[in-house]
Amino acid sequence: MQSAQQVPSRSPQHFDVAIIGAGPSGSVAASLLHQQGKQVIVIEKQHFPRFSIGESLLPCCMNVLEQANLIEAVNQAGFQFKNGAAFNSQGRYTEFDFTDKFSVGHGTTFQVERGSFDKLLADTAAEQGVNIRYGHSVEQIDLQGAPLLDVVDEHGQPYQIQAKYILDASGFGRVLPRLLDLEIPSSLPTRSAVFTHIEDNIDTLSDPEFEFDRDKILISVHPENKDIWYWLIPFSNGRCSVGVVGEPHLLGDLNGDLQPILQRFINEEPRLKQLLSKAKFVRECALLQGYSANVKTLASDKFALLGNAGEFLDPVFSSGVTIAMQSAALASQCLLKQLDGEKVDWQQQYAQPLMVGVDTFRTYVEAWYDGRFQDVIFYPDADPKIKQMICSILAGYAWDESNPFVADSERRLKLVVELCRA
């Protein structure tokens, strides 16, 4: 259910925390703060359910959902079970079982259609008592004193919210980076993704050679260009999310009909062509381009950026929702201290701890595209202990500094690459 819309008033409405966006990071943060008795308002521009990318969760997310008392609703929703990741390149196939990992924590999760998943989290937070206003948008921010937000409701009526703190969970909308001029270029090259949902009609029994495990995301590499890769994410209803990713010039003309482009690339990868030979497109193909982003600062004593509102790397390891939820949990911990009168150093207590995981993911994203991490993933004689440590990264435990591949990611990766290439 959606929480009741309140009639805007002329004088500012006062809350402890204003959260922009009701996606996963917004719902998690709102739930965590509401549980501690804080007055929270969530401003969401759209109405749910709404389409969003990022359907393959990582097990690390489940730990945060547990903290926010959202996990029971997720477990009971009937989403597609997920226990790992499979990789495919030029006839080579390998799997990572997330239950066989180095780090302590959940080893399984789900693959979800984000429209229903995001709505479930928001509805569950609303049932807990969180106030969510749908169809409302933040137009301006004044940080001269206590944060003041100029908001417009779904009928075009303006009103103001005054809060002690703002959390920006607006995702690719990146509300505060736009309004406060925080945007800076990403260090990653510009890439684009063409994607859609299909009725997959996968029949592995007819050709056992092309095995397919619905409990895993399948990442495939283009047979002639390692810079191009595909995702195939099964859902519980017989559908899949499928997409191709690459630098724009590698994908072709992205200004016209996208379906022929996606179909052409699927046909160029033998395993995908076979698996999806009977697939039917069930929604118009979408384009996500120039998605990597960065900012001048992640937080101050008046605001913090969560998830994609701060930095987005790349979809290759499905890290987006995990970083979003982890940022929500970290920011909520800091904010509870500040609201209770403690001095918080947002750089040292929020930004730096969050960037431990973000930078770990960045190491492996960059190494995926330069080919080094692909060599590691497809190495036929992997050391079981090393594979467990890498599996932890793929399962989202990029903040576990007891894992050498987190604490010393670049050097450790270099050593393993040298071993694989020897």
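The values are calculated or read from the model by the stated rules, or taken from the named source; none is laboratory data. Since the model is a prediction, treat every value here as computed from it, not as a measurement. For neighbour counting, all protein chains shown are included, and Cβ atoms are generated from backbone atoms with ideal geometry for every residue, glycine included. Just so you know, the surface numbers come from the protein's heavy atoms only, side chains and all, with ligands and any DNA or RNA stripped out. Shrake-Rupley method; radii C 1.70, N 1.55, O 1.52, S 1.80 Å.
By the Cα gyration tensor, segment 285-345 has an equivalent ellipsoid whose semi-axes, rounded to whole angstrom, run 28, 12, 8 from largest to smallest. The distance separating the Cα centre of segment 400-422 from that of segment 264-282 comes to 35 Å. Summary of packing: across the peptides 40-53, 323-336, the per-residue average of other C-beta atoms within 10 Å ranks them, highest first, as 323-336, 40-53.
How many Å² of accessible area per residue for segment 47-165, probe 1.4 Å?
With the other protein chains kept in place, segment 47-165 gives 39 Å² per residue.
For segment 283-401, what number of Lys pairs, 8 or more residues apart or on separate chains, have alpha-carbon atoms under 28 Å from each other?
Working: 296/337; 296/343; 302/337; 302/343.
Within segment 283-401, the lysine pair count is 4.
Note on segment 1-122: percent of Cα-Cα distances in each 10 Å bin, starting at 0 and stopping at the bin with the largest distance, equals 11, 36, 30, 15, 6, 2, 0.
Only bridges whose two residues both fall in segment 13-154 count here: according to DSSP, what percent of them are antiparallel, nearest 5? Write out the running numbers ahead of the final one.
Numbers: 15 of 23 bridges.
Among the beta bridges of segment 13-154, antiparallel pairing accounts for roughly 65 percent.
Across the chain, counting alpha-carbon atoms alone, Rg and Dmax equal 21.5, 70 Å. The P(r) of segment 195-273 has a tail past 20 Å containing 32 percent of all C-alpha pairs. The apolar share of the surface of segment 178-283, taken as the fraction of accessible area on carbon and sulfur atoms (1.4 Å probe, ligands and nucleic acids excluded), comes to 46 percent. Note on residue 50/residue 375: beta-carbon distance plugged into 1/(1 + (r/R0)^6) with R0 of 45 Å gives a FRET efficiency of 0.70. Taking amide H positions as modeled 1.01 Å from N, with prolines and chain starts lacking one, the residues under 5 Å from residue 131 and 5 or more places away or on another chain are 40, 42.
To the nearest 500 deg cm²/dmol, what mean residue ellipticity at 222 nm is calculated for the chain from DSSP H runs of n ≥ 4 alone, each contributing -39,500 (n - 2.57), summed and divided by the residues?
Mean residue ellipticity at 222 nm (helix-derived): -9500 deg cm²/dmol.
Using the Karplus relation 6.51 cos²θ - 1.76 cosθ + 1.60 with θ = phi - 60°, the per-residue 3J(HN,Hα) values for segment 391-402 come to 4, 4, 4, 5, 7, x, 7, 7, 9, 7, 6, 6 Hz, with x marking Gly and Pro. Segment 102-169 and segment 22-50 have Cα centres separated by 4 Å. Residue-wise HN-Hα couplings along segment 115-129, as the Karplus relation 6.51 cos²θ - 1.76 cosθ + 1.60 with θ = phi - 60° gives them from phi, are x, 6, 5, 5, 5, 4, 4, 5, 5, 5, 4, 5, 5, 6, x Hz; Gly and Pro carry x.
Got a number for carbon plus sulfur as a percent of segment 365-422's accessible area, 1.4 Å probe? Before the final figure, lay out each step's value.
Working: 1370 of 2680 Å².
Heavy-atom surface of segment 365-422 belonging to carbon and sulfur, 1.4 Å probe: 51 percent.
Length gained on full extension, residue 287 to residue 385, computed as 0.36 nm times the residue gap minus the Cα-Cα distance: 31.4 nm.
For residue 184, the residues 5 or more places off, or on other chains, whose built amide H falls under 5 Å of its own are 294, 295, 296.
When the chain is treated as a GNM with alpha-carbon contacts under 10 Å, the residue of 25, 241, 186 showing the greatest mean-square fluctuation is 186.
Relative contact order, percent, of the chain when contacts are C-alpha pairs under 8 Å separated by at least 6 residues? List each step's numbers first, then the result.
Details: 867 pairs, mean separation 87.9, N = 422.
After rounding, I find 21 percent.
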